[in-house]
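To keep things clear, I will list the structure first and then write my remarks on it.
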Amino acid sequence: MEPFPGNFLSKLPKTGTSIFAVMSKMAADHKAINLSQGFPDFEVSPGLIGLVEKYMNKGMNQYAPMQGILPLREIITTKVKEAYSADYHPETEINITAGGTQALSSVIEAFVKDDDEVIIFEPAYDSYSPVVKLNNGIVKYAELRQPDYHIDWMEVRKLITAHTRMIIINSPHNPTGSVLKPSDMAELIRLTDNTDILVLSDEVYEHLIYDGIRHESVSRYPQLACRSFVVGSFGKTFHATGWKLGFVLAPENLMAEFRKTHQFIVFTCNTPIQYALAEFMKDKSTYQNLHNFYQEKRDHFVGLLAKSRFEVIPSHGTYFQLLSYRNISGKKDTEMAEWLITEYGIAAIPVSAFYNKKNDYQVLRFCFAKKDETLEKEARLLCRI
Ligand SMILES: Cc1ncc(COP(=O)(O)O)c(C=O)c1O
């Protein structure tokens with residue numbers, strides 16, 4: 001194909017191909033074990049697959065309502081009520097989305113205008129800041145403090161101005177596995193009280209939280225819930241990241257504004273999968289035991305690494321484990337990631353990719369949502385380094 005002969009100005013001139021696509025391609029080229037991208041290498045429950053098939057065969061194959069099908073909205077709002085004592089109305093305060101990603105970008109698109117400021121904590125999931133920039137907003141970065149990647153609330157306080165439109169939080173946190181505490185929520189309440197600041201709370205890993213720690217959903221806190229969007233992902237919870245189905249919760253007046261944007265981006269999401277999930281989730285054990293399953297995986301992986309020279313940075317949530325190689329090499333994290341692929345056949349993500357200035361602390365992110373044999377093979381290789 002001949003290239004476009006005219007001119008255009010890129011809206012994201014500094015943005016290249018995402019690191020996940022780059023590392024996954026390198027992993028495939030070198031036939032490496034791909035622990036870089038966050039997806040399970042085990043199967044979706046046959047029961048859930050059977051339900052999708054059932055609803056496809058029943059003819060549930062046309063557009064679902066823009067808000068999502070009511071039975072799924074009801075089951076999520078009931079779950080949220082039971083787990084976090086929060087009352088969201090299934091008609092007006094929840095919407096089904098095309099994954100967490102679309103929920104996040106539609107919320108930002110609906111509310112962020114020219115020169116609005118959005119506070120983002122780094123290292124950060126990579127979709128937040130490009131969407132803020134696409135909407136002419138300004139990103140204000142606050143760096144999570146090591147070694148446990150906690151929020152420095154004094155720093156956040158200094159970043160708040162009359163133009164602050166939104167604060168984006170993410171707990172359990174990708175890429176670090178850190179989780180917010182009740183004291184963090186108290187700080188967030190104090191900072192946002194009597195302001196027009198919205199909170200966008202990315203909770204896609206709500207069921208992947210370990211060590212008996214309670215998930216601090218913003219929906220638990222009425223002072224936060226009234227100014228917040230809560231984002232969830234069925235892909236993360238049901239090992240089906242390729243289905244791209246999620247949801248967003250918010251008070252009615254915020255949700256009405258969200259829907260104005262959502263309807264023109266996707267209008268509606270996959271119908272048979274929504275019906276299947278609504279039926280599957282009637283059995284609460286399908287998601288309530290997930291933390292045990294993943295905690296075993298994390299413990300197995302970390303246990304296998306006990307004899308390695310990598311330093312394990314504790315992960316209390318998500319399916320990611322950070323490993324520092326400070327004691328092994330002085331390489332940049334991008335070089336180290338490349339070297340691991342070419343020399344050892346292991347793909348991980350350099351954590352500098354999650355910082356806008358590419359801060360390099362010599363840390364790599366590994367995904368442990370893998371079969372035990374994959375983790376064992378991986379750990380054997382890592383222990384040789
Ligand atoms: C922190 C975070 N938010 C949102 C998403 C996107 O979720 P989904 O796959 O449902 O779009 C991901 C996926 O990796 C994530 O890690």
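The values are calculated or read from the model by the stated rules, or taken from the named source; none is laboratory data. If you're wondering where the values come from, they're calculated on a predicted model, not measured in any experiment. Glycine also receives a Cβ, built like all others from the backbone with ideal geometry; neighbour counts cover every protein chain displayed. Only protein heavy atoms, including side chains, enter the accessible area calculation; ligands, DNA and RNA are left aside. Shrake-Rupley method; radii C 1.70, N 1.55, O 1.52, S 1.80 Å.
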- Message: Being within 24 Å of PRO172 (Cβ to Cβ), surrounded by fewer than 20 Cβ atoms within 10 Å (Cβ to Cβ) and modelled with pLDDT under 95 is the requirement here; does ASN289 meet it?
- Response: yes
- Whichever residue in segment 239-263 is among the small types (Gly, Ala, Ser) and touching a helix residue (DSSP H, G or I) at 6+ places or on another chain (Cβ under 8 Å) and, among such residues, is farthest from the ligand (Cβ to nearest atom): ALA250
- Query: Among the listed residues LYS81, LYS54, LYS140, which satisfies the condition of being of a type in the set (D, E, K, R) and within 19 Å of VAL218 (Cα to Cα)?
  - Reply: LYS81
- Among (1) away from the ligand (no atom under 16 Å from the Cβ); (2) closer than 30 Å to SER324 by Cβ - the single one ARG190 does not satisfy: (2)
- Task: Determine whether THR176 is open to solvent by less than 40 Å² (accessible area, probe 1.4 Å) and either over 21 Å from the mean Cα position of the chain (by Cα) or free of Cβ contacts under 8 Å to residues at least 24 places away in the same chain (or both).
- Result: no
- Would you point out which residue out of GLY242, GLY246 is touching a Gly at 6+ places or on another chain (Cβ under 9 Å), closer than 22 Å to THR101 by Cα, exposed (fewer than 15 other Cβ atoms within 10 Å of the Cβ) and small (Gly, Ala, Ser)? GLY242
- Just one of GLY137, GLY99 is of a type outside the set (A, V, I, L, M, F, W, C), open to solvent by less than 20 Å² (accessible area, probe 1.4 Å), in contact with a helix residue (DSSP H, G or I) (Cβ under 9 Å, 6 or more places away or on another chain) and closer than 19 Å to LYS14 by Cα; which is it? GLY137
- Residues in segment 228-238: is at least one open to solvent by 60 Å² or more (accessible area, probe 1.4 Å) and either away from the ligand (no atom under 16 Å from the Cβ) or assigned by TED's automatic domain parsing to the domain that holds PHE111 (or both)? no
- Query: Residues in segment 118-128: is at least one more than 20 Å from ALA225 (Cα to Cα) and among the β-branched types (Val, Ile, Thr)?
  - Reply: no
- Note on the structure: Within segment 336-385, of all residues that are basic (Lys, Arg) and outside any helix (DSSP H, G or I), the one surrounded by the most Cβ atoms within 10 Å (Cβ to Cβ) is ARG365
- PHE301 more than 16 Å from the ligand (Cβ to nearest atom) and open to solvent by 10 Å² or more (accessible area, probe 1.4 Å): no
- Of the residues in segment 16-34, those that are within 14 Å of the ligand (Cβ to nearest atom), open to solvent by less than 30 Å² (accessible area, probe 1.4 Å) and aliphatic (A, V, I, L, M) number 1
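Here's the yes/no breakdown for (1) within 16 Å of the ligand (Cβ to nearest atom); (2) under 23 Å from MET185 (Cα atoms):
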{"position": "LYS81", "(1), (2)": "no, yes"}
{"position": "ASN95", "(1), (2)": "yes, no"}
{"position": "GLY100", "(1), (2)": "yes, yes"}
{"position": "LYS113", "(1), (2)": "no, no"}
{"position": "VAL118", "(1), (2)": "yes, yes"}
{"position": "PHE121", "(1), (2)": "yes, yes"}
{"position": "LEU144", "(1), (2)": "yes, yes"}
{"position": "TRP153", "(1), (2)": "no, yes"}
- Extreme residue, surrounded by the fewest Cβ atoms within 10 Å (Cβ to Cβ), among residues of segment 58-72 that are of a type outside the set (A, V, I, L, M, F, W, C) and more than 14 Å from ILE273 (Cβ to Cβ): GLY59
